[in-house]
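Quick note: the coordinates plus some simple rules give every number you see, no bench work behind them. The shown structure was predicted, so the numbers you read here are calculated from the model rather than taken from an experiment. Here the Cβ is made from the backbone with ideal geometry for all residues, glycine too, and neighbour counts use every protein chain on show.
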Amino acid sequence: MELKINLIIYTVAFVAIILGILLVILKKSSSYIQGPEFWAAGSFLLGLSSFCFASFPWPTEYVNLLSFNILIIASISMFLTGILKFKGKPTQYKLIIGLILFSVIQTTVFSLVVYKPDVRLIINSFIYAFFLFYSAVEFYFPQKKELTAISRITSLVFFIYGLFIISRALIPFQTTHIDLLEKNILNILIFIIATLLQGILTYGFIIMVNTQVACDLNQQLLLRDKFLSIIAHDLRSQINVISGFSELINANISENQNDKNILYTNYIRQASKQTNALLNNLLDWAKIQSKNEIFNPEKLDLKELIEEEIELNRSIAGNKQIEISTQIEPMTMPLLADKNMLRTVIRNLLINAIKFTNSQGTIAILSKNYKNFVQIEVTDSGIGIDSESIGHLFKTGIQVSSDGTHKEPGSGLGLLLCKEFIEKHQGEIWVESEFEKGSSFKFKLPYGKESFNSKSTS
């Protein structure tokens, strides 16, 4: 029976050390959160105290008792320190060190000078209980309302743990036949219950840290979105001013003006349009990555939407004398799609086609109706894409961008945005291209479904 009891104690020690390792990993994943490192130290000390308990009375009874008591009090004080650090409060080091020294003195007195194991047990147990009740009070009053539920539950477990320790200390008054350091079933049961309570507390603390990280992350996202909205408003205002004046200058410029003036005016107008498109892509990308993009499918007139985008970009195509044609088949079923997202997809594909098509080239936009979906194609007579680049076009983290035929800059973000928006519609997008012979970007959109509306706010 002795071997089995020791095995149980060693198992308890191993579990405590594993909990400590988990807390070290937690600290690394959320390094700015204070507290997990102290709780981890407490778990390691608790594991060492269990090894000490399992080896009683080696090397001597007094050394074993002293080591065990110091390790236990130090471990519980580390848990309290972890709580205080987590809440950003000052640690009561004088109190912690004072109680540890007091335990050393009284253990020495009642083990060597006046042999009173019952008194020694009661005093040490009340020191443990003091730390536990202190921790219960600290946990009961969290600093953030998001932590209220888990902190109150953890506080209750601390309180129960403290009562359990006190009841354990009062056992000697009920019977004179129980030695709490003897390796019998009752003592092991007491030790296992205490360790289970400690495991619950550790789990509660881990949940609190993760909740805190989630709250902080959400706050950062809110601040980022606010920052983006401010940037969007200010930048858009300035870009619209530049774009408006460039359009006004271009409209009123006379034919006898210097060719360079006309050319420079066109450059300003084109740059402002491209900058505005890039800004819109950046903001759309930020929204969809933060899950704040509202998905609002509605019945759309595909032909009308495509014609609107062509008209908005006709001046850019006109600068390169590119002819744009359309062939939109009449819809056999209503198309249910998010208007802003679909507009963004078509705009990006059209701007890309214009950018990579040589002067006097052609672009064709057509749609084909199938049984369950509509397929839209944007085909150009441009410079095409090599096979290696095609494999990286729609992959996040791999930037594939190059200047257009007139040195128009690119960011590689537009196609990623197209992929995100098409997949939001449960569709598919791909490209067919041959280097120096043109490209054809194609995407499928499913027709409207009743179940599609249920995802409108995802």
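Net charge in the neighbourhood of T362 (other residues with Cβ under 9 Å of its Cβ; Lys, Arg +1, Asp, Glu -1) is -2.
Where a ≥ b ≥ c are the square roots of the eigenvalues of the C-alpha gyration tensor, would you call the stretch 2-222 rounded, which needs a/c under 1.5, or, failing that, prolate if a/b is larger than b/c, or oblate? In terms of gyration-tensor shape, prolate. The Cα center of the stretch 139-170 and the Cα center of the stretch 69-127 differ in position by 19 Å.
Pairs over the 28 Å Cα-Cα cut-off, from the set K226/K419; K355/K395; K299/K320; K85/K116; K320/K371; K28/K145: K299/K320; K85/K116; K320/K371. The overall shape of the stretch 101-174, judged from the alpha-carbon gyration tensor, is oblate: a/c is not under 1.5, and a/b is no greater than b/c. For the peptides 38-44, 200-206, 69-75, residues were scored by their other Cβ atoms within 10 Å and the scores averaged per peptide; the highest-first order is 38-44, 69-75, 200-206.
Residues H392, H425 in ascending order of nearby Cβ atoms (within 10 Å, fewest first): H392, H425. Just check the stretch 1-93 against the gyration tensor rule for me: Cα atoms, a ≥ b ≥ c as the square roots of the eigenvalues, rounded for a/c under 1.5, and otherwise prolate or oblate depending on whether a/b exceeds b/c. It comes out oblate by the Cα gyration axes.
Per-residue packing, averaged as other Cβ atoms within 10 Å, sorts the ranges 313-325, 94-106, 340-352, 129-141 into the order 340-352, 129-141, 313-325, 94-106, beginning with the highest.
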